[in-house]
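Colleague: Below you'll find the structure I mean.
The values are calculated or read from the model by the stated rules, or taken from the named source; none is laboratory data. Treat the numbers as computed from the prediction; the structure is a model and nothing was measured. Reconstructed Cβ throughout: ideal geometry from the backbone, glycine too, with neighbour counts over all protein chains shown.
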Amino acid sequence: MKKVSCLFLIVVIIFAMGAAAEATNNSETELTPEQLAVIGSYVYGVEDEDMDDCFGHHAAGVASSRFRVTRGAKPVMWCENTVDWSYTTESISSSRITSSSAYQDAGSIFPYIATKDGITKYASTTDSVTYRGACTFGEGVPTKYGYAALYTTSYSNFIRGFTFGNVSWW
């Protein structure tokens, strides 16, 4: 067992030293444009669902929707933004957003880092609600004080929910 754990420790140290050397050899410690393009264009999943079945029965004329955007690649490094909203459905001209909420989740495995930077209500009108979710991706090595990031890059997602369950995101 000691041989296996020593071998694992040696591999981790060599990997960390190589990553640190690569970061210091670059004039910048940021991601290359190619890496940024891959991470920026990769959206793991987009889910849009009708929440009436999940929440049980609503009062007549009220419905709910949920929209989820996941950036990154599960389980390696990912960040997920979810927005729920309820709206009235009497008629198109009188429909309005009645309530909304949002939450965020993130995860990563060594040596990658994915941090939740928060999801906040960005704008709200009677017929739409917009949330902005931010997250930071990077790579680092653990220290006794936490992670020492070799590089990081931040991303934002905007999710706008409309009445009748319509949604847009960017």
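Colleague: Which residues, taken from region 112-157, are buried (at least 16 other Cβ atoms within 10 Å of the Cβ), closer than 22 Å to residue 101 by Cα and of a type in the set (Phe, Trp, Tyr)?
Modeller: Of everything in region 112-157, those that are buried (at least 16 other Cβ atoms within 10 Å of the Cβ), closer than 22 Å to residue 101 by Cα and of a type in the set (Phe, Trp, Tyr) turn out to be 131, 155.
Colleague: I need the full set of residues from region 151-167 which are modelled with pLDDT of 90 or more, closer than 22 Å to residue 92 by Cα and of a type in the set (Gly, Ala, Ser), in order please. Full working, then the answer.
Modeller: Going residue by residue through region 151-167, those that are modelled with pLDDT of 90 or more are 152-162.
Cutting the leftovers down to closer than 22 Å to residue 92 by Cα gives us 159-162.
The one that is modelled with pLDDT of 90 or more, closer than 22 Å to residue 92 by Cα and of a type in the set (Gly, Ala, Ser): 161.
Colleague: Looking at region 141-170, I want the residues that are at positive phi and in contact (Cβ under 8 Å) with a residue 24 or more places away in the chain and have a partner that is surrounded by 18 or more Cβ atoms within 10 Å (Cβ to Cβ) and among the aliphatic types (A, V, I, L, M) with Cβ atoms under 8 Å, at least 6 apart or on another chain. Which pairs are those?
Modeller: Short answer, once both residue conditions are applied: 164/63; 165/63.
Colleague: Within region 101-119, can you find the residues that are of a type in the set (Asp, Glu) and farther than 21 Å from residue 85 by Cα? Quick ask: steps written out before the conclusion?
Modeller: Let us first name the residues in region 101-119 that are of a type in the set (Asp, Glu), namely 105, 117.
Once the filter is applied, which keeps residues that are of a type in the set (Asp, Glu) and farther than 21 Å from residue 85 by Cα, region 101-119 yields only 117.
Colleague: If residue 123 satisfies all but one of (1) under 21 Å from residue 78 (Cβ atoms); (2) in a strand (DSSP E or B); (3) of a type in the set (A, V, I, L, M, F, W, C), what's the number of the condition it fails?
Modeller: (1)
Colleague: Hey, another quick one. Only one residue in 44, 87 is among the hydroxyl-bearing types (Ser, Thr, Tyr) and either at pLDDT 60 or above or closer than 21 Å to residue 164 by Cβ (or both). Which one? Quick ask: steps written out before the conclusion?
Modeller: Numbers: 44 fails: either at pLDDT 60 or above or closer than 21 Å to residue 164 by Cβ (or both).
Criteria check complete, one pass: 87.
Colleague: Next question. Report the residue count in region 63-97 for those that are surrounded by 15 or more Cβ atoms within 10 Å (Cβ to Cβ) and assigned to a strand (DSSP E or B).
Modeller: Qualifying residue count, region 63-97: 23.
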